[in-house]
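A short write-up of the structure that comes next.
The values are calculated or read from the model by the stated rules, or taken from the named source; none is laboratory data. Everything quoted here is computed from the prediction, not taken from an experiment. Don't worry about glycine lacking a Cβ; one is built from the backbone with ideal geometry, like all the others, and counts go over all protein chains shown.
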Amino acid sequence: MIAIGRDRERDREPMNIVVCVKQIPDPAEPGALSPDTHTLVRTGKLILDDSDRYGVEVGLQLAEQAGGDVICVSMAPGEEVSGLRSALAMGAARAILVSDDALGGTDALGTAKVLAAAIRTAEADLVIAATESTDGYTGTTPVQVAELLGLPSISFARKVVLDGSTVRADRQTESGYDEVEVGLPAVVTVTAGVVEPRYPSFKGIMAARSKPLDIVGLSDLGIDPAEVGPAGSRQEILSVVPAESRSAGEIVVDEGDGYQRIVAFLEELKVV
Amino acid sequence: MDRIWVVVEPVSGEPAGGELSPISLELLSGARELAGQVQAVTWGDAEALAGEAGAYGATTLWTAGDLGGGLPGPAVAAGIAGALGAVPPDEQPEAILVPHDYDGRDVAARLSVRLDRPVLTNVVGLEAGGSEGGDGALVSEHAVFGGAEVVKAHFTGAAPGLFVVRSKTFAASPGDGSPAEVRKLEVGDLGRTGEARIVANHVEAQEGPRLDQAPVVVSGGRGLGGAEGYAMVEELARLLGGAPGASRAIVDAGWVPYSHQVGQTGKTVKPTVYVAAGISGATQHLVGMKGSQHIVAINKDPEAPIFQIADLGIVGDVNQVLPKLIEALKQR
C-alpha cells in the first residue's frame, strides 16, 4: 500500500522532503468575508503563512542532515508565487504550485486531494506540513493528505528526528508528549516553535529567482473539477453575524496603585 | 435529528483507563440534547468506559479496542467507516461529532477521506437547523476574526456530517442512562496508515488545576519582556488557585510549553476570572478566552485590543504591576 515514494533499497539516493505550504493574505491586514460567497477575500499579495516557515525549516534541517532536497508544494489562486519564493529563498530546492480557476472555494478535503496528487509527482520520502493554517485554521488537510496517499502520519510534532528510514517525533498530548516513530514515507505535522526558522540571506533571495517553480493545473494532475471548488465542498455558509460583543469596562492608567484596583476587583468577585 | 455518533476519548496517561476526557462528556451531553439516539465510539478498555458513556447518554459504545501502541486516528476512522457500511440505512447517524484536539483531528481527517465527506472544524455552537438549515440538518457556528463575528454553516451533501467541536461548546451534564452496550468495531487492514507507534509516554508535571478547567486563569504575553518574567504569572496563578496560560507569541518564542497556550491554536478557556498580563489581544488569542466571565487586562499600550473586552483594564507595565499585586495578595 505504498502509494508514493521510492523503494526502500534505493535509500542511498538523496531524500525528497516535501513541505506543504500555504500562501495567505497578510494577517496584519484586516480580514474580510465576501458578502456574496462568504469565503475569505483573497485580494492583494499573498505571503508565506508564518506557521509554514517552521515546516520549511524542519525540512531544510532534515535535508541537510540526511542528504536531500526540500520541495515545496502549494495551492493558490492566480498563479501566486511570492510565498513560494520566500520558501525557496530559505533554501528549498524547487516548488510546485497548483493553480486553477476551478479551485476557488475548495474546502480542506478538496485541497488535500489536490495536494496529494501534486505530492505523488514529487516522489516524497517525507511530507511535512504545519498543524493548521493561520487564515483558515481547519487543521485537517495534512492528515487527509496522509490518508489519501495511504501513509502513516504523526501530527502535532514538536521535535522531529530522522534516523535512516525511520522518523521519530515528540507528539503533543493533553498531558505532555508521546515519543512516536514510523518508517518512511510518512507525513509529519509540526507545531510552531519547534525550530527557529532561518531568515533568507541576500544570496538566498537572489538564488530563489532562478530555482525551478512548476505551475500545474487540475488537468495536469488528473483531478475532476467537480471534486473541488464549491461543488466539491458540499458545505455552505448560511450567515455571518456579529458575535455577542463584550463592552469595555473601566480602564485605569497605572500610577503605582493599579494593583490595588485589581485586588478590589478580585475581592468583589470573592476570588480572594 | 434522530441519530448522532460521538467520538469519545479515554483520558490519556491513565494506566487503568476508565475515565472519559472532559470534552468527550461535553460532546455526549450536547448530542443528547440534539438527537433522539446517541452512540459513542472509542478505543482502549471500553468496558471500563461504558458506565460513564451511558450515564452521559450513549446507548452503544463502539470500540476499536487495544491499539497496541498505535495512534487512534487510522484505526478509529477505519472502524467507523466499516461500521457505517454495515449498519442499515435507518440506523445511520446523521452527524458525527469529534473533539477538536490532537487525536480527534486525526480521526476526523482520516474519516473524512474514508467516507469522502467534508469536515467542519472549530465548531463553537451546534443547533438543529430551523428556517436557516432548511432540512433540519445541524447548523454549526464558527468564531471568525477573533470571535468578532460568527459564521453559521451546514452541510449540503449526503450524511453523515462531520463536525469537529471545540471544548466548552457544551456544558457536561450527566443524565441517568444505564451503561452503554459495548460493540467491537471491525478495523480491518490499515495498510501502512496504522504503522506509527508510540514508544514512550511523557506526562509533564503539572501543579494546580488544569488550564481548561481552572476557575482563574492568569496568562502572560510578550509584555513580560522575557522567559524569566513568566515566573510572576505562575506565582499569581498559584496565589489565586488558578492555572497559568500564555499567548501564542511567547509559546512560539519558546518561553513556555505549548500546553499553556490559550487561543485559536491552543486551549479554549472560560474561567470566572481571566487575567491577561502583557497580552495585546491578537484575534488568535481573543477567540480562546473571550468567553471568560470576567477579564482583567494589564498592558502598557492603551490602544491594545485586549482593553476592548476587559472589565478592568490597567494601562501600565506588567513588570511594575504584577510584583506589587503578588506582594499584596501574599500579605493577606
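Computed quantities for the displayed model
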| quantity | calculated |
| --- | --- |
| Number of the exception - A:A63 against (1) free of Cβ contacts under 8 Å to residues at least 60 places away in the same chain; (2) within 25 Å of A:L221 (Cα to Cα) | (2) |
| Filter pass, B:R192 being away from every other protein chain (no Cβ under 12 Å), of a type in the set (K, R), touching a Pro at 6+ places or on another chain (Cβ under 9 Å) and surrounded by fewer than 21 Cβ atoms within 10 Å (Cβ to Cβ) | no |
| Elements of type strands (runs of 3 or more DSSP E) contained in region B:216-325, each with 2 or more residues being at the interface with chain A (Cβ under 10 Å from one of its Cβ atoms) and of a type in the set (V, I, T) | B:273-277, B:294-299, B:312-315 |
| Candidate set: region B:71-109, residues that are over 21 Å from B:S167 (Cα atoms) and of a type in the set (V, I, T); chosen: the one modelled with the highest pLDDT | B:I80 |
| Elements of type helices (runs of 4 or more DSSP H) contained in region B:43-146, each with 3 or more residues being away from every other protein chain (no Cβ under 14 Å) | B:46-55, B:72-86 |
| Any pair with Cβ under 9 angstrom, 6 or more apart, that starts in region A:89-113 at a residue that is closer than 29 Å to A:P200 by Cα and ends at one that is assigned to a helix (DSSP H, G or I) and basic (K, R) | A:M90/A:R53; A:A95/A:R85 |
| Single match in A:G217, A:G232, A:G193, A:G204 (criterion: in contact (Cβ under 8 Å) with a residue 24 or more places away in the chain and at positive phi) | A:G193 |
| Candidate set: region A:154-185, residues that are more than 7 Å from every other protein chain (Cβ to nearest Cβ), surrounded by 24 or more Cβ atoms within 10 Å (Cβ to Cβ) and under 23 Å from A:A118 (Cβ atoms); chosen: the one nearest to the chain's Cα centre (by Cα) | A:A157 |
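Here's the yes/no breakdown for (1) under 30 Å from B:V256 (Cα atoms); (2) surrounded by 15 or more Cβ atoms within 10 Å (Cβ to Cβ):
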{"residue": "A:T189", "(1), (2)": "yes, yes"}
{"residue": "A:A192", "(1), (2)": "yes, yes"}
{"residue": "A:R198", "(1), (2)": "yes, yes"}
{"residue": "A:L213", "(1), (2)": "no, yes"}
{"residue": "A:V216", "(1), (2)": "no, yes"}
{"residue": "A:V241", "(1), (2)": "no, no"}
{"residue": "A:D254", "(1), (2)": "yes, yes"}
